[in-house]
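Encoded as structure tokens, the structure appears first; notes follow it.
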Amino acid sequence: MNKKTELIKYGVLALIIGIIVGIIDTIFGKGLILIGKIRNDYFWYLVPFLPIAGMLISWLYRHFNELSLKGMTLVFETGQQKRDAIPLALIPLVMICTWITDLFGGSAGREGVAVQIGATLSHYFSKYFHFPKNGKALLITGMSAGFGGLFQTPLAALFFAMEVMVVGEIDYEALFPAFIGAFSASYTSHFLGLEKFSVEITQSMSINNFKSMLLVIIIGLLFGLAGRLFSLSLAKLKEIFKKKFENPYKRIGFISIILVLGLMLFQGRYSGLGTNLIDLSFHQGTIQIYDWLLKLVFTIITLAIGFQGGEVTPLFSIGASLGVVLALIFHLPIELCAALGYVAVFASATNTLIAPMMISIEVFGGNNMMLFIIVCIFAYLVNGNQSIYGAQMKHLD
């Protein structure tokens, strides 16, 4: 097969993958919006049943496909050629179990789910259409489509999928199909009515002198430390809980009782995706000085004990609410600082650099590009090569 034919084949398949993933993302995303409304309306009736919901999630995975519990680790290991299959059962399982988590008040996101859906589907296509030479390129295409379809940030999705698997290494062979996959999924979900979150940031700040540049670097480092705290705590807590409660039903059942008490104490402020904190951060709502930390704590406990969902939307909410706090401390423009936190905590926790820069353009416009780049660089530098993805390879591994 010559290069031209191969590119056409990749492009057509990427388009098909993008459209299918965009449809699934829309179903999943709209389902989460509906579930969030139901949970808010019936919070006091639903949240007490979180432990039972958790045990149901454990049973579903163990009964239908226990391997799917590995989630993003499966995707990474397949991309790194450490395994050669992702079970198709992962798609319905991860969607349904994330909906259950969200309905009963667990604090979890959605991006990991979308990326897993895209990767599983594209990996199946690569096997079916005989792409043995570079199944990795199609896997990256699916990851890109999953992220792009859900968030409608195709450039961020493209670079996230290419740079997240192995730190310091970008597979440029995947560039063309991943580009097609990300944009086709994004256009599909937009066409089907899934809304994109975006805020036009009109505020700005000068970095023409040493003092203001130093201030930007300091907040970048603080955002980076928050991201590092998230990824380190998540890994450590998973380890501790597994040692203390070897039985997964006891682990999720007992610990979520404490989770329920905490969620009820704060009246559901830290339940779900965290979009409530994002909205408050950008629309002059009341953000408490401790919001970012409590969202971090509730999210890592929810995920560490076995509930399903992603980390990225909670990371966005942690970053945005921390940005508001830092803006008040350092007398900076609030919306701008919230936007800087939104992307920088994501950069640190995922150990990616280009993707968060792209998010800043696609979500907040390009007015403050220099500020976003600087903050992302320093957040990335201070993260200590830690990542929320335990299977992420370092370049020297």
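Of note:
- Among complete DSSP H helices in the chain, those whose alpha-carbon atoms stretch at least 27 Å along the helix's long axis and whose mean Kyte-Doolittle hydropathy reaches -1.0 are 3-41, 210-244.
- Counted over segment 58-106 with a bin width of 10 Å, the fraction of Cα pairs per bin, in whole percents, is 25, 49, 22, 4.
- Taking GluC sites (Glu not before Pro) across segment 119-190, the ones in a DSSP loop with at most 13 further Cβ atoms lying within 10 angstrom of their Cβ are Glu169.
- Taken over the C-alpha atoms, segment 1-44 has Rg and Dmax values of 18.7, 62 angstrom.
- Each principal axis of the Cα cloud of segment 247-355 was evaluated for its coordinate range; sorted largest first, these ranges are 48, 33, 19 Å.
- What segment 124-258 shows is 49 Å² of accessible area per residue, with the surface traced by a 1.4 Å probe over protein heavy atoms.
- Sorting the segments 302-308, 233-239, 344-350 by their mean number of nearby beta carbons within 10 angstrom, highest to lowest, gives 344-350, 302-308, 233-239.
- Viscosity 1.567 mPa s, temperature 4 °C, Stokes-Einstein D of segment 216-295 from Kirkwood C-alpha radius, µm²/s: 87 µm²/s
- Over segment 165-246: Rg over Rh, Cα atoms, Kirkwood Rh: 1.13
- The chain - mean residue ellipticity at 222 nm from DSSP helices (-39,500 (n - 2.57) per run, n ≥ 4, rounded to 500): -23000 deg cm²/dmol
- Each listed q (0.10, 0.11, 0.19 Å⁻¹) maps to a log10 I(q)/I(0) for segment 15-164, found by the Debye formula over equal Cα scatterers with no solvent: -0.36, -0.43, -1.11.
- Temperature 10 °C, viscosity 1.306 mPa s: under these conditions the Stokes-Einstein estimate for the chain, based on its Kirkwood radius over C-alpha pairs, is 76 µm² per second.
- For chymotrypsin sites (Phe, Trp or Tyr not before Pro), the sites in segment 1-95 that DSSP calls loop and that have at most 13 other Cβ atoms within 10 Å are Tyr42.
- Flagged links, alpha-carbon separation over 23 Å, of Lys70/Lys244; Lys9/Lys82; Lys127/Lys238: Lys9/Lys82; Lys127/Lys238
- Shown is the FRET efficiency for Lys250 and Leu192, computed with R0 = 35 Å from the Cβ-Cβ distance and rounded to the nearest 0.05: 0.30.
- Fraction of accessible area attributable to carbon and sulfur, segment 62-200 (%, probe 1.4 Å): 62 percent
- Per-selection Kirkwood Rh - segment 322-397 (Cα, Å, 1 d.p.): 12.8 Å
- Taking every protein chain into account, the accessible area of segment 17-89 amounts to 50 square angstrom per residue (probe 1.4 Å).
- According to the Cα-based calculation, Rg over Rh for segment 223-267 is 1.09, with Rh computed by the Kirkwood formula.
- Restricting segment 269-306 to chymotrypsin sites (Phe, Trp or Tyr not before Pro) that sit in a DSSP loop and have at most 14 other Cβ atoms within 10 Å of their own Cβ leaves Tyr290.
- Lys, Arg +1 and Asp, Glu -1 on Cβ, resulting dipole of the chain about Cα centre, debye, nearest 20: 800 debye
- Radius of gyration and Dmax over the Cα atoms of segment 94-242, both given in Å: 18.7, 58
- Descending principal axes extents, segment 249-295, alpha-carbon based, whole Å: 41, 17, 16
- Translational D in µm²/s for segment 59-147 (Stokes-Einstein at 4 °C, 1.567 mPa s, Kirkwood Rh from C-alpha pairs): 98 µm²/s
The values are calculated or read from the model by the stated rules, or taken from the named source; none is laboratory data. Note that the structure is a prediction, hence the values are computed from the model and not measured. Please note: Cβ atoms are built from the backbone with ideal geometry, for glycine as well, and neighbour counts cover all protein chains shown. The area values use the complete protein model at the heavy-atom level, side chains included, leaving out ligands, DNA and RNA. Shrake-Rupley method; radii C 1.70, N 1.55, O 1.52, S 1.80 Å.
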